[in-house]
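Working notes, beginning with the structure itself.
Derivation of every value follows stated rules applied to the coordinates shown; laboratory data play no part. Keep in mind the model is a prediction, meaning the values are calculated, not measured.
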Amino acid sequence: MSSDQILALAEKFVGAIARGDVPTVRECYAPDAKIWHNTDLIFQTVDENIVTLLNLVKTTTSREYTDRVVSTFQRKDGTRGFIQEHVLVAKSLSGPTLRLPACVICTVNSDATRITQLREYMDQVTIDKYSSLIVATRKELKKAGKL
């Protein structure tokens, strides 16, 4: 597997999230992939992560990754993957825009077609600042029958 193949997977994955293309996001994950976030320290399954993504898509009108820096890596054991630093810019349905600095470290399978593990590190201060907004938006959506 080449670095170009790994970077192509990273682009496919991030582009799908930005577009709200949930089937393509799922396709980027290996079926048994594990997804971890520093905010809860729990590994999610792909299905659990897809629910999280669906909630993001339902509560925002747009998603964009800015200030992206992506690089590939190879560990001593031969495991390969990519690291991406970015700012997620997401416009909420209720108006305000979330700007969330984050970093993901993804390991990939042997032919760089699937993510086998994703570890995401997000800025907790920003999450706390916008958590009440997210709760309010979700309440509005539930009331309107959209969530």
Phi to ³J(HN,Hα) by Karplus 6.51 cos²θ - 1.76 cosθ + 1.60 over the stretch 115-127, Hz, x for Gly, Pro: 7, 9, 8, 10, 10, 10, 10, 10, 6, 5, 4, 5, 4
Volume per residue that the Cα convex hull of the chain spans, once the total is divided by residue count, Å³: 107
Vicinal HN-Hα couplings computed from phi for the stretch 52-66 (Karplus, 6.51 cos²θ - 1.76 cosθ + 1.60; Hz; Gly/Pro x): 4, 5, 4, 5, 4, 5, 6, 9, 10, 9, 7, 9, 9, 9, 10
Rounded to 5, percent antiparallel among DSSP beta bridges of the chain: 85
